[in-house]
Amino acid sequence: MIYRYRFISEHRTTFGVQRLCQVLGLRRQGFHEWVAAESDRARRAEAEVELVRLITSIHAEHRGAYGVPRVTAELHRRGHTINHKRVERLMREHGLAGITRRKRRVTTRPAAGPVTPVGDLIRRDFTATAPGSRLVGDITCLPTFQGWLYLATVIDLHTREIVGHAMASHMRTDLVCDAIDLAAARGLIQPDAVFHTDRGVQYTSGQFRTALAEHQIRPSVGRVGSCYDNAVAEAFFATLKTEIGTTIWRTRAQARQDVFRYLRYYNHARLHSTIGQNTPAEARTTYYAQASAA
């Protein structure tokens, strides 16, 4: 129908509207209504072009990591009322897509010999009623031409914020102790908090248990060989390695700089679906603002 109306519009000065409508089997009134709506169509087309520019800008700001859900959420945050299906169509038409994750290298090494029994206080319930009360941690490795750079993290289950981290060229227990010390020094861990990890030798060592006791933190560990028992920490590392944008760094120093930048971005700019498409920093400040008001 639209193509026929366009044909009439292009040839009406030569053959006349009435004759063309008769030949094409259309009502003349319908054609005139289509012409009257032309300005509205032009405005909608212009608005869509502007929307595509904004979507492309958001996608680029987040280094191509955002897919449809987060792009839609970011548009809502900026005051644009838009359906996710429309965002999906526009992103598909313009070749925009979120980054898919790559497989994670295993770094967990169970402790050799007997260790002091510690229970699983999380039991795959990755929620928390307040910041600093329930946390998870893990270690991952980042490849550089100088060798591996190891990253240990402490993640708050209420806000999903990276509240502590440490990097080193080794996987000794000092690495995970430094990460928990930083989180405690920042005042982001509450007394009697639970810190959940896998059964890697670093986390089951006496040195680490002593560090937890000094900060009044209770240890919790998952089962041997079950990544699901520490799924939040696993998921963060998968996200980091997908979105950071580098496969292998030239030096450990460059890798460190990129990780620092990414952690700041993750805590202060990246929207998180688990906390209502807010940033982790927003989730923490919102909680304390509401607590103060109450």
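In the stretch 252-293, the inverse of the mean reciprocal separation of distinct Cα atoms equals 11.4 Å; this is its Kirkwood hydrodynamic radius. Label positions at His170 and Ala291, each projected 7 Å from the Cα along the C-beta direction, are separated by 3.7 nm. Checking every one of the chymotrypsin sites (Phe, Trp or Tyr not before Pro) in the stretch 134-188 against DSSP loop status and a limit of 16 other Cβ atoms within 10 Å picks out Phe145. Once the chain is represented by equal point scatterers at the alpha-carbon sites, with solvent omitted, what log10 I(q)/I(0) does the Debye formula produce at q = 0.16 Å⁻¹? One equal scatterer on each Cα of the chain leads to -1.28.
In this simple spin-label approximation, His268 and His215 carry label points 7 Å from Cα along the Cα→Cβ vector, and these lie 2.1 nm apart. You can think of it this way: the chain between Gln18 and His76 has 16.2 nm of extra reach, that is 0.36 nm per residue less the Cα-Cα gap. In this simple spin-label approximation, Thr127 and Gln254 carry label points 7 Å from Cα along the Cα→Cβ vector, and these lie 4.4 nm apart.
Over the stretch 134-293, the pair-distance histogram of Cα-Cα distances with 10 Å bins from zero comes to 10, 40, 37, 12, 1, 0 percent, rounded to whole numbers. Taking every C-alpha pair closer than 8 Å and separated by at least 6 residues, the mean separation divided by the residue count of the chain gives a relative contact order of 17 percent.
Using just its DSSP H runs of length 4 or more, each adding -39500 (n - 2.57), the chain gives a mean residue ellipticity at 222 nm of -15000 deg cm²/dmol after division by all residues. Applying 0.36 nm per residue to the separation of Ala231 and Arg89 and subtracting their alpha-carbon distance, the gain on full extension is 48.0 nm. A straight chain from Arg27 to Ala97 at 0.36 nm per residue would run longer than the Cα-Cα distance by 20.9 nm.
No value in this document is a laboratory result; all are computed from the given coordinates. Worth saying up front: this structure is predicted, and the values here are computed from it rather than measured. Cβ atoms come from the backbone with ideal geometry, glycine included; neighbour counts cover every protein chain shown.
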